[in-house]
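The values are calculated or read from the model by the stated rules, or taken from the named source; none is laboratory data. Remember, predicted model here, so these are calculated numbers, not experimental data. All Cβ positions, glycine included, derive from the backbone under ideal geometry; neighbour counts span all protein chains shown.
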Amino acid sequence: MGTKWITGFIVACAALTLWAQQEEGRNPYTSAEDVAAGADLFGKRCALCHGADGSGGTGPDLRRGQFRHGGSDAGLFRSIRFGISDSGMPRLGMPDERVWQVVAHVRSLSRSAKEIDVPGNAVQGKQLYLGKGDCSRCHTINGVGGRLGPDLSDIGWLRSTRHIKSSIIDPDQDIDRRYLSLHILKKDGQAIQGVPLNEDSYSIQLMDLQENLHSLWKRDLDEIRQEERSWMPSYQGTFSDSEVDDLVSYLYSLRRKTDQP
Ligand code: HEC
Ligand code: HEC
């Protein structure tokens, strides 16, 4: 009887401590077992986008110890528990305890945080971006440039160097689905090409290659075709290997400041 009470008391204390830590936004699940369980979940639910070792892919490298949506325990919990809207980081629907375990694992990835070593020269990369590459024809950085492709102002936060590089030499890989190429043929014979903006049962909106906006009734169209291709040309061959490194280095350096805890 006595031991039962004592055990009960200890369990209650432990639960209370966990609760208190969670209330403060500190991770209550940080034991070696928690980290291991978190690593297992990471492999199943996160590796697809962040790489099995956390080094990134279409999602950011999680080993660098800097997080734009908050690097505190509470900040990481929020990103992983609720996802990040309009970003490709999904809401995964895991119980809180599991999320905390994943937080513990993510934390362990950046324990020995070091700035990722990017070969290339960012200053030269910027010149290639503006000059020979004419990348600003389709991309905006800090408010300047075209809109056919995604805004690159925060690309260094969003993606790994690996993804940035493959975007330049093989754009049809890992296309952001919001930018699949769209081909439309109207009943009057006019053809329009561009990227999709919006669609419902009756109408479709798109931006054409000259950045004109169109809103069309589907009943006026003969064909709507979407291809798994990017409007971005491949720059394989245009740039030497070291020029590609320069571009990657420049793009990876693009990270606007953030004041998330
Ligand atoms: C479908 C791809 C995808 C999956 C699956 C995914 N993520 Fe992400 N994640 C992203 C992208 C893209 C971003 C960048 C969002 C942004 O900064 O706007 C991101 C951002 C994050 C961030 C915030 C980084 C920062 O700088 O603040 C964390 C933390 C994170 N992911 C952890 C995880 C964990 C842990 C899992 C698995 C439970 C996971 N992600 C699953 C794509 C994904
Ligand atoms: C004709 C328009 C066009 C030009 C020119 C262009 N891009 Fe793109 N770019 C796009 C489009 C559209 C996408 C989105 C589809 C995709 O992933 O390829 C994109 C995607 C990207 C991405 C991936 C962005 C992400 O969020 O994952 C990077 C990086 C990129 N471009 C860099 C460049 C660089 C560097 C240049 C110049 C050397 C360049 N682009 C020139 C249209 C263009």
**OP:** Kindly provide the set of residues from region 59-79 that are within 6 Å of ligand 1 (Cβ to nearest atom) and of a type in the set (S, T, N, Q), ordered by number.
**Re:** SER79
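Table: residues versus (1) within 29 Å of ALA47 (Cα to Cα); (2) away from ligand 1 (no atom under 16 Å from the Cβ); (3) touching a Phe, Trp or Tyr at 6+ places or on another chain (Cβ under 9 Å).
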| site | (1), (2), (3) |
| --- | --- |
| ASP117 | yes, yes, no |
| GLY133 | no, yes, yes |
| GLY146 | no, yes, no |
| ARG159 | yes, no, yes |
| ILE164 | yes, no, yes |
| SER181 | yes, yes, yes |
| ASP188 | no, yes, no |
**OP:** Could you tell me whether region 240-256 includes any residue that is surrounded by fewer than 14 Cβ atoms within 10 Å (Cβ to Cβ), more than 9 Å from ligand 2 (Cβ to nearest atom) and under 19 Å from ASP154 (Cβ atoms)?
**Re:** yes
Original post:
of a type in the set (S, T, N, Q), touching a strand residue (DSSP E or B) at 6+ places or on another chain (Cβ under 9 Å) and loosely packed, with under 14 Cβ neighbours inside 10 Å, is that true of GLN190?
Top reply: yes
Subject >> region 168-178, subset surrounded by fewer than 18 Cβ atoms within 10 Å (Cβ to Cβ) and not in a loop (DSSP other than H, G, I, E, B), residue modelled with the highest pLDDT >> reply: ILE169
Subject >> Conditions (1) surrounded by 14 or more Cβ atoms within 10 Å (Cβ to Cβ); (2) within 10 Å of ligand 1 (Cβ to nearest atom); number of the one not met by SER87 >> reply: (1)
Original post:
Only one residue in LYS257, LYS165 is assigned to a helix (DSSP H, G or I) and within 30 Å of VAL118 (Cα to Cα), so which one is that?
Top reply: LYS165
**OP:** Among what's in region 172-184 and is in contact with a Pro (Cβ under 7 Å, 6 or more places away or on another chain) and within 6 Å of ligand 2 (Cβ to nearest atom), pick the residue that is nearest to GLY88 (Cα to Cα).
**Re:** ASP176
Subject >> Inter-residue pairs, beta-carbon under 6 Å, first outside any helix (DSSP H, G or I) and in region 37-55, second among the charged types (D, E, K, R) and within 16 Å of ligand 2 (Cβ to nearest atom), 6+ apart >> reply: SER55/ASP61
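Table: residues versus (1) part of a helix (DSSP H, G or I); (2) outside the structural domain of GLY237 (by TED's automatic domain parsing); (3) hydrophobic (A, V, I, L, M, F, W, C); (4) modelled with pLDDT of 95 or more.
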| residue | (1), (2), (3), (4) |
| --- | --- |
| ASP86 | no, yes, no, no |
| ARG91 | no, yes, no, no |
| TRP100 | yes, yes, yes, yes |
| GLU115 | no, yes, no, no |
| LYS126 | yes, no, no, yes |
